[in-house]
Every structure is written in C-alpha cells, then in structure tokens.
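The values are calculated or read from the model by the stated rules, or taken from the named source; none is laboratory data. Nothing here was measured: the structure is a model prediction, and the numbers come from that model. Here the Cβ positions follow ideal geometry from the backbone for every residue, glycine too, while neighbour counts run over all protein chains shown. Heads up: the accessible areas ignore ligands, DNA and RNA and are worked out on the full protein's heavy atoms, side chains in. Shrake-Rupley method; radii C 1.70, N 1.55, O 1.52, S 1.80 Å.
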Amino acid sequence: MPRINALIFIATLFLSSPAAAQDQQRPFSQCMAVAQSLPRATYANLTPDEVAARVQPAAAGSGDVEIMFAGHSTYVITTPAGVTIATDFNGWAGRVSVPDVVTMNKAHSSHFTLAPDERIAHVLRGWNFDQSPAEHNLVVDDVYVRNVTTDIRNFGSMEPDGNSIFIFEVADLCIGHLGHLHHPLEDRHFAQIGRLDIVMVPVDGGLTLSHEAMTGLAKRLQSSILLPMHRRGAPLSAFITMMGDRFLVDYVNEDSFTISARSLPRQPTILVLKGI
C-alpha cells in the first residue's frame, strides 16, 4: 500500500502542475511510457476518471498501415485513412509525389529540403532555425505525429536539439524514425519516446552511430519490426550479425508491406525491403 500511495501522490502532483496542464492540451499519446521515467515504478493507470473521460487517444482504431521504402532515409507511411507521410524528406529521393506530411532532419541535404512542394500540407522540421528545440504535436485525420529532439555533430562539437526522432501513432501502432542520430539515447529519451512497435534505424555504421551503439539502442527499444535505412559504409550483414539470434531476418522482394497491430510478428524481426 505505501508504494501505491506514493505513486498516486506523484501522479496527483504531475496532473496538477502547470506543465501537466499544458500537456492536457496536447493529444494523448498511447505510445508514451511515462512510468519508465520513475525508477522501480509499477505500470498502472492512475488517471482520475474525469480526466480519462475527456482525454482520448489521438490515433485509436484498427486497419492496415502501408510502409514503403523510398530511398536513403525516406520511408512513406500510408495510414488506413489514406494520409501519406514521408520521413527525412528531401524532395527527390524515391517514389514520393506529394505527401500530406513530411518530416525532415538537417544533418545532410539528403535529409531535408528548404523548398518543399507548396502542395504539402504539413512540413515538420526536426530542428528550429533559432536553435531552440523543435516541438511537434500534429494530428491529421487518423495519425498523431510527435517528436523527441536529440543533438547532432556540428564542426567538431555537439549542437543541442539539431535532430528529431519522429513518432507516428496510427491504428494502435507506434512507429518511430530515428533520423540522423549522432549519440546514444539517455533514459529520458526512452521515456519520451515510449513504446515503438516498428522502428526505422540508420545502419551506416559510423556516419550516425557505430553498429555496436545502434544495435544496443535497437535491442533496448524491443520493437517487433526493425526497418534498416541510411545504408552507407559498413555492410548491412555486419549490423544484422550484431543484432543476434533473437531477431529473425526477413528479406522481402518488394519495396513495401502492410502491417496492423494484430499482424505484428511474435518474434522481433529485421525486415529488409527491396532497395535497402
């Protein structure tokens, strides 16, 4: 009972704080793992009934999500409602016409464009030009898009908040894109990211992170599906070997696949699409 009372006290402080009041204006994230940020906490729903009644998941529902590899670090996600999202969009890579939403990171010009097609309704940059942290909480039809900022290397030093990990919550799935990640994640990052059923991981072996660091991160995320991207430098086989026998490897002779929350593989799987 003392532990439960302590958790209720913490939750009450959280919900009554100014920061919590601001968070209540944001869409509710079904993928967030708030309890992970509390050491030795037991997962429990301690939200008062009146709060739970007015906070609804932004991306609840079922259906198939299509994910297509479009080149380099660009995947195109198509939601059950037909919303199209292109990750690390540069305006030219792969078979991407005019998505509804694009996300970008600025490490290299192959991950962004400063002149996106004006027909794109939502352009989400993973950085701010004034070097303040980018913050996105966007709901488009059946998908909720948010980000977690990380730092990037910049002429020998680290630039705070220069990269974003984007998370897409749709059809009861949590899909993450690590962007051009330049450093291992801390506990606070994992807490902000939450659960990821599917994660898109750079496997270049050094331009972002070494294979050793990236495989350690990927194993901790415990995602059902791992999608390689940003294949440069070291061979993909080296990354796959370091992931170990716990992960199945599925080479698909197509550049896209469909997935739902119910069809996630029982054993963690590295899915290698055509073109990777």
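Restricting things to alpha carbons, find the Rg to Rh ratio for region 114-251 using the Kirkwood radius for Rh.
Values: Rg = 15.5 Å, Rh = 16.0 Å.
Here Rg/Rh amounts to 0.97.
Using the 1.4 Å probe convention, the accessible area of region 119-167 works out to 48 Å² per residue with neighbouring protein chains retained.
With the full set of protein chains in place, find how many percent of the accessible area of region 128-220 is carbon and sulfur; take the probe as 1.4 Å. Don't jump to the answer; show the numbers that get you there.
Working: 1670 of 3380 Å².
Of the solvent-accessible surface of region 128-220, carbon and sulfur hold 50 percent.
Using only alpha carbon pairs under 8 Å that are at least six residues apart, calculate the relative contact order of region 117-276 and give it in whole percent.
Values: 305 pairs, mean separation 24.6, N = 160.
For region 117-276, the relative contact order is 15 percent.
Approximating the spin labels as points 7 Å out from Cα along Cα→Cβ, the GLN30-to-SER260 distance works out to 1.3 nm.
In what sequence, highest mean first, do 129-139, 68-78, 244-254, 184-194 appear when ranked by Cβ atoms within 10 angstrom? Write down the numbers at each step before the final one.
Details: 129-139: 13.1, 68-78: 23.3, 244-254: 11.0, 184-194: 16.4.
Order by mean packing, descending: 68-78, 184-194, 129-139, 244-254.
May I ask for the percentage of alpha-carbon pairs in region 83-186 that lie more than 16 Å from each other? That tail contains 56 percent of the Cα-Cα pairs.
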